[in-house]
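Read through the structure below, which is laid out as structure tokens, and then see the notes.
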Amino acid sequence: RWVVNRAAISLTAGLEDAEKVTVALLVAVGAAESGRPTLVFLTKEAVRLALTGFAAGIACDGCPSIPELLDRLAAAGGELLVCPICFTAKQLDDAQLESNARLGGTVQLWEWIDDGATTFSY
């Protein structure tokens, strides 16, 4: 029986859709905190979430804050893979990336899921 242990979550939204960000991060945190190697692929506006000090807000009453979810993800070993095309197009500074974030595109994403991964897209 083939068992997939890795998790890959693709996120395209940033703080303009805090609910989508929250759901994607809840899935990622759940995977990482349960011991799965976890990668969140950030594209479009989501790339800004990888910048130190950028993430802010709470999507809804009773929801954990976005910074709290990002901290939990990092503490559990989760990684942020940041689309370099999107990042460069927004003229962002890679020196401001969080310690668990790195620039990488579709090649690196495919390398991550090549041996099998459960994937989610938001």
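The values are calculated or read from the model by the stated rules, or taken from the named source; none is laboratory data. None of these values were measured; they are calculated from a predicted model. All Cβ positions, even for glycine, are placed from backbone atoms using ideal geometry, and neighbour counts span all protein chains on display. To get the accessible areas, we keep the full protein, side chains included, count just its heavy atoms, and leave off ligands, DNA and RNA. Shrake-Rupley method; radii C 1.70, N 1.55, O 1.52, S 1.80 Å.
When region 85-122 is filtered for residues that are open to solvent by 30 Å² or more (accessible area, probe 1.4 Å) and within 14 Å of residue 11 (Cα to Cα), the ones remaining, listed by number, are 106, 109, 119, 120, 121, 122. What about residue 50, is it in contact with an Asp or Glu (Cβ under 6 Å, 6 or more places away or on another chain), more than 21 Å from residue 115 (Cα to Cα), open to solvent by 10 Å² or more (accessible area, probe 1.4 Å) and in contact (Cβ under 8 Å) with a residue 40 or more places away in the chain? So residue 50 fails the test.
Of the set (1) part of a helix (DSSP H, G or I); (2) surrounded by 16 or more Cβ atoms within 10 Å (Cβ to Cβ), all apply to residue 80 but (1).
Within region 22-37, residues that are under 14 Å from residue 122 (Cβ atoms) and open to solvent by less than 40 Å² (accessible area, probe 1.4 Å) reach partners that are among the aliphatic types (A, V, I, L, M) and modelled with pLDDT under 95 with beta carbons closer than 7 Å, at six or more positions or on different chains, in the pairs 22/59.
Restricting attention to region 53-77, the residues that are assigned to a loop (DSSP other than H, G, I, E, B) and under 24 Å from residue 112 (Cα atoms) total 2.
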